[in-house]
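Take a look at the structure below.
The values are calculated or read from the model by the stated rules, or taken from the named source; none is laboratory data. Note that the structure is a prediction, hence the values are computed from the model and not measured. Backbone-built Cβ (ideal geometry, glycine too); neighbour counts: all protein chains shown.
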Amino acid sequence: MDAAALVPCTMQVNGDARTCAITPATTLLEALRYTLGLTGSKQGCDKGDCGACTVLVDGVPTLSCLTLALACDGRAVTTVEGLADKGVPHPLQDAFDRTGGAQCGFCTPGMLMSAYALLQREAAPTRDEISHALSGNLCRCTGYTKILDAVELAAAELRERAK
Amino acid sequence: MARSRTASPERPARKTITLPASVGVNVPRKDGRDKVTGAALYLDDLRVPGVLHGRTVRSTVANARIVSVTLDPAFDWTGMTVVDHRDIPGENCVAVIERDQPMLASTHVRHVDEPILLLAHEDAERVEAAVSAVKIEYEPLTPALNLEESLEKKALVRGDDNVFKTIRIERGDLDEAFVRSDRVIEGEYWCGHQEQLYIENNAMLAERTKDGGIHIRGSMQCPYYVHGALQVLLNLPPEKVRIEQTVTGGGFGGKEDYPSVIGGHAALLAWKSGRPVKIVYDRLEDLAATTKRHPARVRIKTGVMNDGTLVALDADVVMDGGAYLTLTPVVLSRGAIHAGGCYRWDAARIFARAVATNTPPNGAFRGFGAPQTLFAIESHMDRIAAELGMDPLALRRKNAVKLGDVTPTGQVLKESVGSHEVLERTAKRAKYAEKRARYERENAAAEAAERAGKGAKDGRRLRRGIGMALAMHGAGFTGSGESKLNSLAALDLTPDGRPCVRISNTEIGQGTNTVFGQIVGEVLGIPHEQVLVHVPDTDHVPDSGPTVASRTLMVVGGLIEKCAKKMKEKLELFAEHPIEGGADFARIAKRWLKERGPLRVEQRYQKPTGIEWDDDTYQGDAYGVFAYAAIAVEVEVDLDTAETKLLHVTTAQDIGRAIHPVLCAGQIEGGTLQGLGWALMEEVRHKDGKVWNHQLTNYIIPTSADAPPIDVEIVEIPYSNGPWGAKGVGELPMDVPAPAVIAAIAHATGCRLDEIPATPERLMRALQRRGA
């Protein structure tokens, strides 16, 4: 690739300002994984079908494989690496671990980000609301049961903390 | 005695464990933290300096002679590594059971997307562009694109009859049994391809080593399969081939045999370029080119008595193996052995054939041939029940095997037979009888209301139904398979005094590493966290066999249990006192290491006594034991759109003993949804031999919005040769959903499909034929 074609892009990634040199065609997923070395977000289809690449852009769950990195210049991006607080897993992460919500783990980062966004806007979602919110994230291992259990458990724990 | 429990998902793991008791406890996953924080490194997450990106140039026709392969001179090939069949140092084959499949096609292609040429470049975009700069000229030949065309010998794909393998299982006097039957009932059942659809696509990295060997890392189930294939391909001795598993994003059989292909390709590119080469498939390539579940046609003729007693079974099974053999004979074998279902037959004949077609080779997929034949026999049970005017549950109750019964291979079921237990528990838990009556009442009322012009307010014509299915699944390799595998497991001490499990069985999401920690911890009386499980790496672990056939826990877990007992005995003799917990173990272990040097114990597989199998007659003990599953599926069908909604699923499964109930329930829930997907929506469509729906946009798998609540009851009837009584659980859940869905749809609509998936299109045609 012609180096002259590279352009700078600055994003707030998991709270830190990160600048990278990318081409205008670089997707957000490629920038995160291959330029910034944040490999938590996964590529399962590169077509927006599977949801494994889901990250938050300004708090909104976004398919990073279908989003140009440049479109996120100056915006806040949160990935699975940004969920833990000083090494302490977020209650959602802990709940996925405890309930068996992660098996092979490949869909888990995207699943967590969709669930995180749901809990940001709805502290006490119903099971139907959870399953609707996660319906863009494919999982082949769990049959989804334990993923829904995990989100319910995390929601309850977060509500408890907020008291 | 049977024990039963519901795996409570809310059971908190991290905080409430009392150690050292580990078996039967939902301890935290060993790999859990890394997976939920994004720290787990899958193949494409590895950063490798100087890596080249590999791509595969594939055929576009189903059957042809290759006339020429040309690199477009207008394209800039600088820095491009190009590999064809002439670059192969050893034998041009994918060595599995046979060596019929070329690693790279040379003179002929026998299916669309067959690999012909390999390319690698440090720029991923350039190598992608290069794929279309390779021009291949073909002389097309007539292909045989499905099992019917293969049987008709429209093209000869294999030998002079297209048959990969034939199996005959015969028991009792079939003619006599038909003569004395009150009725003869026949059916024909079809099921199509299914894609495993692990969310992480196939991915491999190959590097030449300084000692003239090859090191492969990647997403796989069976490192020693790749190890064997690479020795043949590169003409290397075993010690020069090193295969190492990376964190694997699902397998389901799809990473049993295929990693030898992609691993071989990466190795050839690395061999020629001298650089590390990574091949990571995208979804399009993975869905189009890799192995799938074998499509099958099963014809069944049964003799039954008017009271529902089954007498005679005559089954004719045909499976489509695709263009090359891969694991097809073994898939066919399991399919044939399971074709009689979970029932007693006075006489049975099962005739099974696998045939070759000009389509990408099919391979392993959870259940390994059994879901196909079980779909057929379970659907047929519902047909028998309907013809006799019997409730399908009553028919199953009357004929399901019991302790002491004999299978079509002549196997006497000597222990751990949970068939009736799972059937009754499922029926009770699902309120089967009550729901069946209620849905019939409601459906009749809805129909009457619609006739009277007083249907549902929103105008929808909905019908509900409930269907059941029952199956048994042989755990471990079929027949003499486990003896031939001759698995070896080892347990040793790390320099800091921790026990380390050394096996080639892989963690692919099912929780293998966690339960091996539990087993060793339980035997040694130490916390399970203290136990390490070595990365499956052929330089560092012995060959304990492949991660397939629901064998890892039951067979290899048993070997590791024995290893742990040996280690305990040695250390306690040495210490002259029993091990008293984790700290004491560490003290003793360190003292041993200091005074006596390394400690390693091993255990090789030994066939349990009383298990005999004859490969020639196909008679004997096909498996050490069977696991049992029953399911009840409730559906709602929209008569106008022919869409089927899954309302609720109840399943009880006898797996001997749940070492980790949450992980077991996870297998059952996940396998159930995979089976429901196969039943309702997953359909691989071909056009001229090419998979045309090779993306997730149109190869549809269930989402969370499609998934019904799945109520799981684990039944535990222990098996004397499994660790703590455990039997295999991985494949069993795949066996029962599909026939239960078809039965539920038939109950709801009166319309029975004999082919899956029951897509709206297929069901609509059936409803229209019936004039609904």
Only one residue in B:Ser132, B:Ser106 is at pLDDT 95 or above and closer than 26 Å to B:Asn235 by Cα. Which one?
-> B:Ser106
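Only one of these is of a type in the set (Lys, Arg) and modelled with pLDDT under 95: A:Lys146, A:Lys86. Name it.
When all the criteria are applied, what remains is A:Lys86.
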Among the candidates B:Val633, B:Val625, B:Val556, B:Val601, single out the residue that is surrounded by 15 or more Cβ atoms within 10 Å (Cβ to Cβ) and under 30 Å from B:Ala746 (Cβ atoms).
-> B:Val633
For B:Val637, state whether it is at pLDDT 95 or above, closer than 30 Å to B:Val417 by Cβ and either outside any loop (DSSP other than H, G, I, E, B) or away from every other protein chain (no Cβ under 14 Å) (or both).
-> no
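Can you tell which of B:Leu532, B:Leu524, B:Leu488 is crowded, with 24+ Cβ neighbours inside 10 Å and at pLDDT 95 or above? Explain how you work it out, then say what you get.
On the way: B:Leu532 fails: crowded, with 24+ Cβ neighbours inside 10 Å; B:Leu488 fails: crowded, with 24+ Cβ neighbours inside 10 Å.
Among B:Leu532, B:Leu524, B:Leu488, only B:Leu524 is crowded, with 24+ Cβ neighbours inside 10 Å and at pLDDT 95 or above.
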Residues of the stretch A:59-84 satisfying the condition of being acidic (Asp, Glu) and over 27 Å from A:Tyr144 (Cβ atoms) | A:Asp73
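Okay, residues lined up against (1) away from chain B (no Cβ under 14 Å); (2) free of Cβ contacts under 8 Å to residues at least 24 places away in the same chain; (3) in contact with a strand residue (DSSP E or B) (Cβ under 8 Å, 6 or more places away or on another chain):
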site: A:Cys65; (1), (2), (3): no, no, yes
site: A:Leu70; (1), (2), (3): yes, no, yes
site: A:Gly74; (1), (2), (3): yes, no, yes
site: A:Thr78; (1), (2), (3): no, no, yes
site: A:Leu83; (1), (2), (3): no, no, no
site: A:Leu92; (1), (2), (3): no, no, no
site: A:Gly100; (1), (2), (3): no, no, no
site: A:Leu112; (1), (2), (3): no, no, no
site: A:Leu119; (1), (2), (3): yes, no, no
Kindly provide the set of residues from the stretch B:641-661 that are closer than 24 Å to B:Ala705 by Cβ and outside any loop (DSSP other than H, G, I, E, B), ordered by number.
-> B:Thr644, B:Lys645, B:Leu646, B:Leu647, B:His648, B:Val649, B:Thr650, B:Thr651
Report yes if some residue within the stretch A:146-154 is in contact (Cβ under 8 Å) with a residue 60 or more places away in the chain and more than 9 Å from chain B (Cβ to nearest Cβ); otherwise report no.
-> yes
What number of residues in the stretch B:224-261 are among the β-branched types (Val, Ile, Thr), within 17 Å of B:Gln101 (Cα to Cα) and assigned to a loop (DSSP other than H, G, I, E, B)?
-> 0
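Each row is one residue, and each column tells you yes or no for (1) buried (at least 19 other Cβ atoms within 10 Å of the Cβ); (2) acidic (Asp, Glu).
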position	(1), (2)
B:Asp31	yes, yes
B:Asn63	yes, no
B:Ala74	no, no
B:Ile88	yes, no
B:Glu91	no, yes
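Within the stretch A:34-49, does at least one residue satisfy the condition of being within 28 Å of B:Val247 (Cα to Cα) and outside any loop (DSSP other than H, G, I, E, B)?
The initial filter retains those residues of the stretch A:34-49 that are within 28 Å of B:Val247 (Cα to Cα), namely A:34-49.
Remaining after also requiring outside any loop (DSSP other than H, G, I, E, B): A:34-35.
Yes: one or more hits.
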Within the bounds of the stretch A:122-139, is there any residue that is facing another protein chain (nearest Cβ under 9 Å), part of a helix (DSSP H, G or I), under 22 Å from A:Thr39 (Cβ atoms) and under 16 Å from the mean Cα position of the chain (by Cα)?
-> no
Which of the residues belonging to the stretch B:160-199 are without any contact (Cβ under 8 Å) to a residue 12 or more places away in the chain and either in contact with an Asp or Glu (Cβ under 8 Å, 6 or more places away or on another chain) or in a loop (DSSP other than H, G, I, E, B) (or both)?
-> B:Asp160, B:Asp161
State whether one or more residues within the stretch B:396-411 are of a type outside the set (Lys, Arg) and either at pLDDT below 95 or part of a helix (DSSP H, G or I) (or both).
-> yes
Among the residues listed as A:Gly40, A:Gly100, the single one being outside the structural domain of A:Ala156 (by TED's automatic domain parsing) and not hydroxyl-bearing (Ser, Thr, Tyr) | A:Gly40
Go through (1) part of a helix (DSSP H, G or I); (2) farther than 30 Å from B:Gly479 by Cα; (3) not acidic (Asp, Glu) and name the single condition B:Ile579 misses.
-> (1)
